[in-house]
Amino acid sequence: MTAILVIAVCFVQALYAGLSIISFLALKQGMSHYTFVVYRMAIATALAIPLAWYIERHSRPTMTIKVMAKIMLLSMFDPVMDQNLYYVGMKNSNATFTSAMCNMLPVFAFVMAWIFRHPRGLTKVVGTLVTVEGAILLTMVKGPSLNLPWARDHDKNHSSAPKVKGALFLTLACFCWSCFIIMQANVLKSYPCKLSLTALICFWGMVEGAVVAVVVERGNLEAWSIHLDLKLLAAVYGALVSGAAYYVMGLVVKKKGPVFYSAFNPLATLLVAILGSFFLHEQLYTGSLIGAVTIVGGLYLVLWGSKRSASLRFKECQCGRTNWNASNRRS
């Protein structure tokens, strides 16, 4: 089961890496990130609702006002606040820097998981910190250029460094994303249907995002225009990513916890750096290789720690069962 979850999380991180490149190019073409979030959630809702209705039609629990309020608050953290802050940060930096900044997510998730007493292991915590360190090395430490023939020296062609404003918005986005992951684990306890929850998050994200977009983009009808171009591709691709990510996130968080899921976030940074060299012609450096190896090592620690924790829990259950049987025989 763990292997399937790992493959699913890695697949989602690969989707996120592709989305970073596509959305960065779409933003450069003048796409409004406010309406982008609305269109993205509208398409995701249209895809998720029929699947959720059919697959979970016999297992869906009764919806209560309390659960619905939690889901509405959940969708406010992500997609509305998280994605809009993320794209503002991306506008003020670049795709690789944006992905690197999002590696604060495991740190936020770990702190919040500690506050809310989610179970964790020391090895998984160390592995999470190692992956974050690898992502920092990958983006901040350069060293000699790898001189890839299809890329160019980013420093020579892009003299402006990522701005402090972009880093601030990306930090806030990571905080909102962490709140979403922790809250989702709580909502799944009272509403365990992951597909239906995904559909509801997308729906309320569309509604709440539309309210924000109407207020911010009032009088700007051009922001709502969409054609057969990169903007439409970004919206459709983003919808598919959102649907897959919310479902996989719910599945993994329920089985392994929020820290396990967030530990894989640096993998997207590695993939963005590779894709950026091809599609954005950004040069890679020796620091990129060192960071990549560190990320892989950190993920290995997370997986080993997760397997070790599962083994210890199994032994504890076996010991508890043995002690219970022994006490019954004595009585």
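Listed residues 37, 80, 6; which is of a type in the set (Val, Ile, Thr) and in contact with an Asp or Glu (Cβ under 8 Å, 6 or more places away or on another chain)? Break it down stepwise before answering.
Details: 37 fails: in contact with an Asp or Glu (Cβ under 8 Å, 6 or more places away or on another chain); 6 fails: in contact with an Asp or Glu (Cβ under 8 Å, 6 or more places away or on another chain).
Criteria check complete, one pass: 80.
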Qualifying residue in the range 100-123 (condition: modelled with pLDDT under 80 and of a type in the set (D, E, K, R)): yes
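Here is a check on your reading of the model: is residue 93 in contact (Cβ under 8 Å) with a residue 24 or more places away in the chain, in contact with a Lys or Arg (Cβ under 7 Å, 6 or more places away or on another chain) and open to solvent by less than 50 Å² (accessible area, probe 1.4 Å)?
Yes, satisfied.
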Residue count, the range 288-297 (criterion: crowded, with 18+ Cβ neighbours inside 10 Å and modelled with pLDDT of 70 or more): 2
Long-range neighbours under 6 Å by Cβ, at least six apart or interchain, first residue within 14 Å of residue 231 (Cβ to Cβ) within the range 1-30, second charged (D, E, K, R): 26/231; 27/91
Where residue 36 falls short, out of the listed (1) at pLDDT 90 or above; (2) within 24 Å of residue 183 (Cα to Cα): (2)
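Please go through the range 1-23 and give me each residue that is aliphatic (A, V, I, L, M) and within 16 Å of residue 241 (Cβ to Cβ), ordered by number. Talk me through it step by step, then tell me what you get.
Of the range 1-23, the ones aliphatic (A, V, I, L, M) are 1, 3-9, 12, 14-15, 17, 19, 21-22.
Those that are aliphatic (A, V, I, L, M) and within 16 Å of residue 241 (Cβ to Cβ): 8, 9, 12, 14, 15, 17, 19, 21, 22.
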Number of the exception - residue 98 against (1) under 30 Å from residue 275 (Cα atoms); (2) more than 16 Å from the chain's Cα centre (by Cα); (3) in contact (Cβ under 8 Å) with a residue 24 or more places away in the chain: (2)
Of all residues making up the range 226-247, the number that are among the β-branched types (Val, Ile, Thr) and open to solvent by 20 Å² or more (accessible area, probe 1.4 Å): 2
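The values are calculated or read from the model by the stated rules, or taken from the named source; none is laboratory data. The structure displayed is predicted, hence computed values, not measured ones. Cβ coordinates were reconstructed from backbone atoms using ideal geometry, including for glycine residues, and neighbour counts include every protein chain displayed. Just the protein is used for accessible areas: all its heavy atoms, side chains included, with ligands, DNA and RNA removed. Shrake-Rupley method; radii C 1.70, N 1.55, O 1.52, S 1.80 Å.
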